[in-house]
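The values are calculated or read from the model by the stated rules, or taken from the named source; none is laboratory data. It should be emphasised that the depicted structure is a prediction, and the values quoted were computed from it without experimental measurement. Virtual Cβ from ideal backbone geometry, glycine too; neighbours counted across all protein chains shown. Quick note on the areas: whole protein, heavy atoms, side chains included, nothing else; ligands and nucleic acids left out. Shrake-Rupley method; radii C 1.70, N 1.55, O 1.52, S 1.80 Å.
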Amino acid sequence: MGLQFAAARAVSAVSTWGLKHVFHRPAANFPGKIALYADPRVIADLAPRLQKGSVCVVGTNGKTTVTNLLADALETAGQRVVCNRTGANLDSGVATALLHAREADWGVFECDELWLAKILPHLQANYVVLLNLFRDQLDRVGEIDRIQESIAGALATSPKTTLVFNADDPLCAAIAERVGNPTVAFGVDEDLHLPQNTVADAQMCQRCSAMLEYAYRQYGQLGSYCCPACGFARPSLDCAARDVHLGADGLSFAAHGPRGDAEIEAPFSGAYMVYNLLATWAAADLVSVPAEALQRAIDAFDPRNGRLQEFAVAGRRTLLNLAKNPTGFNQNIKIILQDERPKAVAFFVNDKEGDGRDVSWLWDIDFEELAGQSGLRVFAGGIRKNDVQVRLKYAGLDAALVDDAAGMFAQLDGLPADARAYVIANYTALPPVHAELGRLADGGQAAGAPLSPKPSEGLSGSGGVQAAEDDAAPLVIAHLFPDLLNLYGDGGNVKVLERRARERGIPVEVRRVNHGEHVDLAGVDLVFLGGGPDREQRLASEDLMRMRDDLHAYVEDDGVLLAICGGFQILGHEWLLGEEVVKGLGLVDMTTERAPGGSGNRLIGNIALRSPLADQAVVGYENHAGRTHLGTGVEAFGDVASSTGHGNNDSDKRDGVRYKNVVGTYLHGPLLPKNPQVADALLIRALERRARRAGVPAPELAPLDDAVENAANEYVRNRLNAG
Ligand code: GLN
């Protein structure tokens, strides 16, 4: 035993004792952290304790469930297992689990996607199970290609590791294709016929950037895809699920693999659980766990960690689940929709470091699917409850704000006793709600005096209708290339424009113009362009360059155009993609360059602006690598009014651009929901131009009740001390 290693073990043993006995805190990370500090190779030193080897589980969604189930299955099969069961998934969590363990047969470790590169070189695991890659915490981890690179780099340091990957996910398949490791592909080999959501993470071929085609798509980007240009396609499946049955209270499928077949049944609902269980089965098979042992582990699985965990609160069945990104939320909404009875649903969203500070992604979730359900009560909680409330409002859902789960139970008067409650919480919002539900379930009573439900505060508010004429031509909003520029929730801007016009009785038509499609701008009143990752932005810019003359004419004719981040960059003379200088539309005198150090050097964070388009500070979230410089005399959208926040570049303290009726900005959030005055300023200009062209007087915009929007604006403003 090396001296360094002995020291590492000694300090970690003392700290574990201290945490447990003095501070009464679980010791899931800290002992490993200081052991790694004393000996950075501590994982490698401890790995030989695992006599048969180890399995790492990575992926955006499902890691904790798959890790725990696989560990359970191994234990059911009589194996001794070391596992970081509570989801402490950095190198410190893995080191802590190893330090606490005695000799074992297998190690099963949940690993954070970006931390695999710090764990795998030391652990040299036998298997890495790669579940899926979805957008998640873009501010912390960056765009998905960075995660792919990191995982591929980790695998290169451990060439004997077998990669067990989700072949239905083109982002995972692309990693499998580029690494030299042995691979095992798993996937669902039939169309599950699920209703599709609006946003998917990979639309483009991972090899050649053409648009992928799908024989069928399950959810997100998962499905049977192929590239018409270069032949990149879903690899043939080594482990396949067929005969999938999905019900409200359970699922089943037949698993087929190289070493045999099995019938898997589980009391969980949700297509994503089919993938989780299939991945677990594929891994269990590789580590020689018989299918019966896995099935027994599934039957006994008790997710005590708030993943699909059931509670009875005052007799009411309550399901708690984690969701931390659009795909996870969309899957949860599908589960809720399977219950057609009256019900209560609460969403708790925090924006701490572990969640990601940016909550723009709320606008990539299809909450609209819940609208119109009879007997549905909706609640918004967590640090960003105001943002959740605004998002739900524009989905047609009138949510009451709550401080905690008890706040929801206190407002369920009149809801039938057998109606269920659903509580969906993101990463750091989950543990307190989980603990609270545990307390409430034990006591059997929800705390707090019952409150009467809030009166409905639908969008109609106080606004009268002045423009309404049912047979009037609709206001046409062209959303350009939403299939490419869709990473940061920017589509929410269109939802806001649309509803704010409709609430005033103004008919609206939204035209989604996808890649390769054409739109005649002569009939358009408002053009919208969102932000996106570099690869997609490049392709969108080619589409836009084909429209250049039309766009020039439109802008010079006072056409209204709102462009966010990636879309904003394309408005200038040129922008930079890595080393490549890409020609822009030249609609505005500005250029965008990259900061030294490439796309990793990003300007990220909350930001508030003073803009002539609004009386109160304009709030948002920026996340960009490009640095934009305006030509002399060109006006910015606003001046940075917060201490955090950069805007166009590292020094100007100005954001975006205003030129004629063009507004460009780096602000996600998205921009318009929390800045309704900006939304109305754009609508007014679009209506004025339309009226001028028709030779009629412009309609006035009646005021709306913006209390919910303004509360969300005020919350961010206060946090940023932006007055
Ligand atoms: N890909 C561009 C950049 O990084 C735009 C990003 C975005 O739209 N947020 O600068």
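Some notes on this structure:
- Loop-located GluC sites (Glu not before Pro) in the range 562-653 (DSSP state other than H, G, I, E, B) with a sparse environment of at most 16 neighbouring Cβ atoms within 10 Å: GLU579.
- Separation of alpha-carbon centers, the range 508-533 and the range 590-607, rounded to whole Å: 26
- Where both bridge residues fall in the chain, DSSP classifies roughly 45% of the beta bridges as antiparallel.
- 10 Å binning of all Cα-Cα separations within the range 670-723, expressed as whole percents from 0 upward: 22, 39, 24, 12, 3
- Kirkwood Rh and Cα Rg combined as Rg over Rh, evaluated for the range 317-414: 0.93
- Cα Rg over Rh - the range 259-313, Kirkwood: 1.00
- Once the convex hull of all Cα atoms in the range 540-599 is built, its volume per residue stands at 76 Å³.
- Counting DSSP beta bridges with both ends in the range 132-242, the antiparallel % (nearest 5): 45
- Over the range 530-663, the fraction of Cα-Cα pairs per 10 Å bin, rounded to whole percents and listed from the shortest bin up, is 13, 46, 34, 8, 0.
- Calculated accessible area for the range 97-167 comes out at 31 Å² per residue, all protein chains present (probe 1.4 Å; ligands, DNA, RNA ignored).
- Paired Rg and Dmax values of the range 117-216, which use every Cα atom, in angstrom: 14.4, 43
- Student exercise, the chain dipole from Lys, Arg, Asp, Glu Cβ charges, in Debye to nearest 20: 1840
- The separation of the range 296-361 from the range 132-204, counted between C-alpha centres, amounts to 24 Å.
- Summed over the residues of the range 630-669 and divided among them, the accessible surface reaches 37 Å² per residue at a probe radius of 1.4 Å.
- Per residue accessible area in Å² of the range 186-295, where ligands, DNA and RNA are left out and the probe is 1.4 Å: 38
- Just so you know, the Cα atoms of the range 293-348 work out to an Rg and Dmax of 13.0, 38 Å.
- At q = 0.12, 0.22 Å⁻¹, base-10 log of I(q)/I(0) for the range 181-268 (Debye sum, equal scatterers on each alpha carbon): -0.45, -1.14
- Pairs of alpha carbons in the range 362-416 separated by more than 17 Å make up 38% of all such pairs.
- Dipole magnitude of the range 128-238, debye to nearest 20 (Cβ charges: Lys/Arg +1, Asp/Glu -1, about Cα centre): 280
- Portion, in percent, of the accessible area of the chain that falls on carbon or sulfur, probe 1.4 Å: 50
- Relative to the Cα centre, the charge distribution of the range 290-340, modelled as +1 at Lys and Arg Cβ and -1 at Asp and Glu Cβ, gives a dipole magnitude of about 220 debye.
- Gyration tensor analysis over the Cα atoms of the chain returns equivalent ellipsoid semi-axes of 44, 30, 25 Å (largest first, whole Å).
- Equivalent ellipsoid semi-axes - Cα gyration tensor, the range 196-331, angstrom: 30, 22, 11
- Only helices enter this figure: runs of n ≥ 4 DSSP H residues, each worth -39500 (n - 2.57), summed and divided by the residues of the chain, yield -9500 deg cm²/dmol at 222 nm to the nearest 500.
- By DSSP, the beta bridges lying fully in the range 274-383 are antiparallel in about 45 percent of cases.
- Cross-link table LYS63/LYS653; LYS324/LYS393; LYS33/LYS385; LYS352/LYS393, entries beyond 29 Å C-alpha to C-alpha: LYS63/LYS653; LYS33/LYS385
- Restricting the calculation to Cα atoms, the range 475-551 shows an Rg/Rh of 0.98 when the hydrodynamic-style radius is the Kirkwood one.
- In percent, rounded to a whole number, the relative contact order of the chain is 8, using alpha-carbon pairs under 8 Å and six or more apart.
- The range 618-688 and the range 212-285: distance between their alpha carbon centers, rounded to Å: 43
- Unit charges at the beta carbon, dipole of the chain: most positive-side option, ALA707, ILE175, VAL313: VAL313
- Lys/Arg +1, Asp/Glu -1 at C-beta; the chain dipole; positive extreme among ALA400, GLY270, ASN84: ASN84
- Whole-number D in µm² s⁻¹ for the range 574-723, Kirkwood Cα-pair radius fed into Stokes-Einstein, 4 °C, 1.567 mPa s: 78
- Extreme residue, positive dipole direction of the range 36-164, given options ALA104, VAL57, THR161 (C-beta unit charges): ALA104
- Surrounding net charge for VAL619, when Lys and Arg each add one and Asp and Glu each subtract one, Cβ distance under 10 Å: +2
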